[in-house]
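**Q** Before I ask anything, let me first share the structure, which is written out below as structure tokens.
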Amino acid sequence: MQKATNYRPKGHKTQLGRAQTGNPLTASDLATNLPPSTETTTKTAKMHNIIRLIRPQQWLKNVFVLLPMFFGGSLLDVADIRAALLTLLAYSFVASSVYCFNDIKDVEADRRHPVKCHRPIASGALSVGKAWMLMLLMLALAAVTTALIGGGHAMKVGGVLAFYYVMNLAYCAKLKQYAIVDVCIVAFGFVLRVLAGGFATDIVLSKWLVLMTFLLTLFLSFAKRRDDVVRMNETGEPPRKNTIRYNLTFINQAITVTAAVTLVCYIMYTVSPEVTARFHSDLLYLTSVFVLLGLLRYMQITVVDKKSGDPTKMMLTDRFTQLVVAAWALTFVVLIYIV
């Protein structure tokens, strides 16, 4: 009969001696004796928190970089596709760097927030020091990716990215505390995405496209602020410092105005002489139906369902909106590239 043996991890005697002498075990002592499965779980958790911090799901916003190529009729141009995708990737890295800075700056406020307290830094899952390192890493990756665009295009795109980065650092540090200014900066950030896409592909942007981008994202930003106002009315606590400068009456009117002006601006784009001459079609105005449906659906989600707090999540989960966007894009492609 074999004698039962007790499992003694590496360093057991040393740690036992420390415990007997009253010296506490260090974190390295404990980490040394973690079972392989626990170590793997810990590494997976760290990677998960890093991904949560850089928010790759928010990279969906950067598809605005592709709009100049789409509206410019160069979807089949390999060089433009390469430049646009590199710009999109660079913008995504820059945005992730900004997210890191934002969470570092707001760590104390996030810890008091019912939802944001679960963010990696606020919850203590990631240290502030690691967040700074990740912020710089994302910025370095953005610089390398921008350089790959090549030529004078890289310089122009880099200039837009630099301006966007500085503007958003200022936004995170102070400017987001001012009502109306905050949503205008968010909307202008999307205009910069479109400008970067135009510089990367050397496509001249229509003034209507620039205006539409600003107005549409301003509409989405006001809808997101409405979610904050609803939460403040329910809990009595403002989620943001500037939420007290908004109320439902103002927000509802702002949403209505921006939605209406966005639709009018889109219609003006589709019937403008420069656009009809470029695409050799006077049928683009038909796509306005899908824009109207999309705006009405989002207003329904905002006012009736009260779920406008995360536009990206809505785009990824709402089937009606996805179908409308797909139908709009397909119709536009047919009118531009086939008819």
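**Q** Out of Asn6, Asn49, Asn62, Asn102, I need the residue that is open to solvent by 70 Å² or more (accessible area, probe 1.4 Å) and either over 16 Å from the mean Cα position of the chain (by Cα) or modelled with pLDDT of 85 or more (or both). Which one?
**A** Being open to solvent by 70 Å² or more (accessible area, probe 1.4 Å) and either over 16 Å from the mean Cα position of the chain (by Cα) or modelled with pLDDT of 85 or more (or both) holds for just one of Asn6, Asn49, Asn62, Asn102, which is Asn6.
**Q** Same structure again: From the list Leu215, Leu195, exactly one residue is within 19 Å of the chain's Cα centre (by Cα), within 23 Å of Leu75 (Cα to Cα), open to solvent by 20 Å² or more (accessible area, probe 1.4 Å) and modelled with pLDDT of 95 or more. Which is it?
**A** None of the others qualify; the one that does is Leu195.
**Q** What residue, of Ala140, Ala125, is at pLDDT 95 or above, over 30 Å from Glu274 (Cα atoms) and surrounded by fewer than 18 Cβ atoms within 10 Å (Cβ to Cβ)?
**A** Ala140
**Q** List every residue pair whose Cβ atoms lie under 7 Å apart, where the two residues are 6 or more positions apart in sequence or sit on different chains, the first residue falls within region 74-87 and is in contact (Cβ under 8 Å) with a residue 40 or more places away in the chain, and the second residue, located anywhere, is part of a loop (DSSP other than H, G, I, E, B) and not hydroxyl-bearing (Ser, Thr, Tyr).
**A** Ser74/Ile203; Ala83/Ile149; Leu86/Leu148; Leu86/Ile149; Thr87/Ile149
The values are calculated or read from the model by the stated rules, or taken from the named source; none is laboratory data. Being a predicted model, the structure only gives us computed values, none of them experimental. Every residue, glycine among them, receives a Cβ derived from its backbone with ideal geometry; neighbour counts consider all protein chains shown. Surface accessibility is based on the protein's heavy atoms, side chains included, excluding ligands, DNA and RNA. Shrake-Rupley method; radii C 1.70, N 1.55, O 1.52, S 1.80 Å.
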